Amino acid sequence: MNKRSFLKGLALIGIGSSFKTDDLHSLISSMENKSPKELATDEDFWEGIRSHYLLKPEYINLENGYYNILPKPILEKYIEHIREVNYQGAYYMRTVQFDNKKNVAAQVAKLAGCSSDELVLTRNTTESLDMIIGGFPWQSGDEAIMAEQDYGSMLEMFKQSAKRFGIVNKVLSVPNHPKSDDEIVQLYANAITSKTKLIMVSQMINITGQILPVQKICDMAHSKGVEVMVDGAHAFAHIQFTIPDLHCDYYGASLHKWLSVPLGVGILYVRKEKVKKIWPLLAENEALETIGRLNHIGTHPVHTDLAIADAVDYYLKLGVEKKEARLRYLQQYWTTKVRGVGKVMVNTPKQPERSCAIANVGIEGMKPGDLAETLLKKYKIYTVAIDGANVHGCRITPNVFTTTKELDVLVTALKELS
């Protein structure tokens, strides 16, 4: 075999691979006559999906927003990639790792509906968006707009940029229960001045699960000459959309969340004409004018990159619409049972289209930390406490493996505690 053929073979490791998951194929095929909405309530079907996961029996895991654990087919492929890269060693790293990463990034770009020359793989959402914040061509006195409900790492980067570049940060607060999209759009519009250069907006607020009208915000901002950066950490592979649909200039997400990729991979989208204006996090060849100039991070776990193709394959086989419908059903299943009950406070909009899997709930007079501790110790439910930015409660995040019986335990707990 000549060198070219050998390298071509290596380049295909993990790229476009198909799982030997006949059970998944059979499961999907057996339900092909059901609509996603009908299938969302079929507990037998989702028990079949649950069998793909290794779940700890000690507690009910309702904190899947931080990291979505891998189904067994992806986990097994991931381990194979680790072994293969370790087997090839430096040869792999010096030959095809870059082509493989580029090919996988192209698959993700296709999933995102954007051009492959507008998207690169990073390590997480924080790296992606901090690269934009820190690399933006700021001038002293420029203004940036963000919400107190945005993710803390990005808010801290804006604070650092204020000290470093002399920019002014304008922080607003998004209502937990907006009356309309216009209320949200106007909130951002009212903060814009002639000095505003960039708005950061969360596509899905991480602490409440509220979905914001990003396209409308972007269109409004662009009409005033302002660019928009979107935090899509919790939206990508969670709800259906394409990045171009949002009309944003920059977009970042973490693939280890809803796409169920192993830890350590994110994406950065930059609209093509904006690439040249952003300073890279780490210096790259100054002659490079493509989005690759923003993607130099040195040696990293390349086997994780390879697992992306497997995760995309699994996600598409399960079905984009099916997944979203199930996740929204699970959230609505428990929130509709506790809204208006006693001292229960649901900090997520009631309208189904304004949220999906994630919701936040609190008990009046009970600290979120105490609620989280009680849910774990008394009811064996693991979640996370949120206490700030006008949100006081626990973030509840089911996954496709979550059952309605598990959510019934949550409902019972909240009713008893209220």
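The values are calculated or read from the model by the stated rules, or taken from the named source; none is laboratory data. Quick caveat, the model's predicted, so the values are computed rather than measured. Backbone-built Cβ (ideal geometry, glycine too); neighbour counts: all protein chains shown.
So here's what we get for this one:
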{"item": "Some residue of the stretch 107-116 being modelled with pLDDT of 95 or more and more than 18 Å from the chain's Cα centre (by Cα)", "result": "yes"}
{"item": "Which listed residue is among the β-branched types (Val, Ile, Thr) and crowded, with 17+ Cβ neighbours inside 10 Å, from Thr208, Thr193", "result": "Thr208"}
{"item": "Total residues in the stretch 360-392, condition closer than 14 Å to Asn61 by Cα and in a loop (DSSP other than H, G, I, E, B)", "result": "2"}
{"item": "Answer residue from the stretch 148-171, given it is free of Cβ contacts under 8 Å to residues at least 60 places away in the same chain and within 21 Å of the chain's Cα centre (by Cα) and is surrounded by the most Cβ atoms within 10 Å (Cβ to Cβ) among those", "result": "Phe158"}
{"item": "Residue match in the stretch 193-212 (condition: at pLDDT 95 or above, small (Gly, Ala, Ser) and assigned to a helix (DSSP H, G or I))", "result": "no"}
{"item": "The stretch 310-345, residues that are without any contact (Cβ under 8 Å) to a residue 40 or more places away in the chain and surrounded by 20 or more Cβ atoms within 10 Å (Cβ to Cβ)", "result": "Thr335"}
{"item": "Complete set of residues in the stretch 346-368 that are hydrophobic (A, V, I, L, M, F, W, C), without any contact (Cβ under 8 Å) to a residue 60 or more places away in the chain and surrounded by 19 or more Cβ atoms within 10 Å (Cβ to Cβ)", "result": "Val346, Val361, Ile363"}
{"item": "Residues within the stretch 393-418 that are part of a strand (DSSP E or B) and under 18 Å from the mean Cα position of the chain (by Cα), tallied", "result": "3"}
{"item": "Which numbered condition Ala357 fails, given (1) out of contact with any Pro (no Cβ under 8 Å at 6 or more places or on another chain); (2) modelled with pLDDT of 95 or more; (3) not charged (D, E, K, R)", "result": "(1)"}
{"item": "Any hit, the stretch 213-230, residues being outside any helix (DSSP H, G or I), farther than 16 Å from Glu273 by Cα, in contact with a Gly (Cβ under 8 Å, 6 or more places away or on another chain) and not hydroxyl-bearing (Ser, Thr, Tyr)", "result": "yes"}
{"item": "Matching residues, the stretch 251-273, being outside any loop (DSSP other than H, G, I, E, B) and either surrounded by fewer than 16 Cβ atoms within 10 Å (Cβ to Cβ) or small (Gly, Ala, Ser) (or both)", "result": "Gly252, Ala253, Ser254, Gly266, Lys272, Glu273"}
{"item": "Selection status of Asp313, within 23 Å of Ser260 (Cα to Cα) and either modelled with pLDDT under 95 or of a type in the set (Asp, Glu) (or both)", "result": "yes"}
{"item": "Only one of Tyr78, Tyr87, Tyr92 that is aromatic (Phe, Trp, Tyr), free of Cβ contacts under 8 Å to residues at least 24 places away in the same chain and assigned to a helix (DSSP H, G or I)", "result": "Tyr87"}
{"item": "Residues of the stretch 281-301 that turn out to be in contact (Cβ under 8 Å) with a residue 60 or more places away in the chain and surrounded by fewer than 18 Cβ atoms within 10 Å (Cβ to Cβ), as a count", "result": "5"}
{"item": "Lone unmet requirement of (1) assigned to a strand (DSSP E or B); (2) under 20 Å from the mean Cα position of the chain (by Cα); (3) over 18 Å from Lys56 (Cα atoms) for Ala357", "result": "(1)"}
